Amino acid sequence: MVLVHITVKNQIQANEIIELLMDKKLLADALVSEKMILLKVKGSEKTKQKKIYLIIGKTKALLFKTINEILYKKYPDKMPILYAVPIVYMDDGQTEELRMITAKI
């Protein structure tokens, strides 16, 4: 089991991605959070602020490749940042529920 993290530039794209992945049973649930990040400006000592949206969703680790392929196909020019963080411990009942509600592999 993993937490998939997807960062996008706007709320519309975040909602679109969540619907797409949940319709295909690739995410069990999703959380969206608006974040402010600081970036270093090339060739300068200054930093700038940028707003992003972070989607976090639980899924099976084996579905990561499928999620990556779907997002790359949908956004070939503006692929969202995508990575996964392993869930080390999870209640057995919640693990079984996650297995039941996500796509079969």
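The values are calculated or read from the model by the stated rules, or taken from the named source; none is laboratory data. Bear in mind the structure is a predicted one, so any value in this text is a computation, not a measurement. All Cβ positions, glycine included, derive from the backbone under ideal geometry; neighbour counts span all protein chains shown. SASA here: full protein model, heavy atoms, side chains in, ligands and nucleic acids out. Shrake-Rupley method; radii C 1.70, N 1.55, O 1.52, S 1.80 Å.
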Residues of region 1-23 with backbone N under 17 Å of the label point set 7 Å from the Cα of T95 along Cα→Cβ are 1-3
So, relative contact order of the chain in percent, Cα under 8 Å, 6 or more apart, is 41 percent
Over the chain, with neighbouring protein chains present, the accessible area per residue in Å² at probe 1.4 Å is 69 Å²
Expressed as a percent, the accessible surface of the chain that is carbon or sulfur, using a 1.4 Å probe and the full set of protein chains, is 55 percent
In degrees rounded to 10, the 0-90 angle between helix 64-74 Cα long axis and the longest Cα principal axis of the chain is 50 degrees
Note to self, the chain gives a 222 nm [θ] from helices alone (DSSP H runs n ≥ 4, -39500 (n - 2.57) apiece, / all residues, nearest 500) of -10000 deg cm²/dmol
Taking only protein heavy atoms and a 1.4 Å probe, the highest-to-lowest accessible-area order of I101, I52, I67 is I101, I52, I67
Computed over the chain: longest principal axis from alpha-carbon atoms vs helix 11-23 long axis, angle to nearest 10 degrees, is 20 degrees
Expected unfolding gain across S44-M79 under the 0.36 nm per residue rule, minus the alpha-carbon gap, is 9.9 nm
Of V8, V88, ordered by accessible area with the largest first and a 1.4 Å probe, the sequence is V88, V8
Counting only protein heavy atoms and leaving out ligands, DNA and RNA, the solvent-accessible surface of D77 at a 1.4 Å probe, in Å² to the nearest 10, equals 150 Å²
Going residue by residue through region 90-105, the Karplus relation 6.51 cos²θ - 1.76 cosθ + 1.60 with θ = phi - 60° gives ³J(HN,Hα) values, rounded to whole Hz and with x marking Gly or Pro, of 8, 4, 4, x, 5, 4, 5, 4, 4, 4, 6, 8, 9, 4, 7, 10
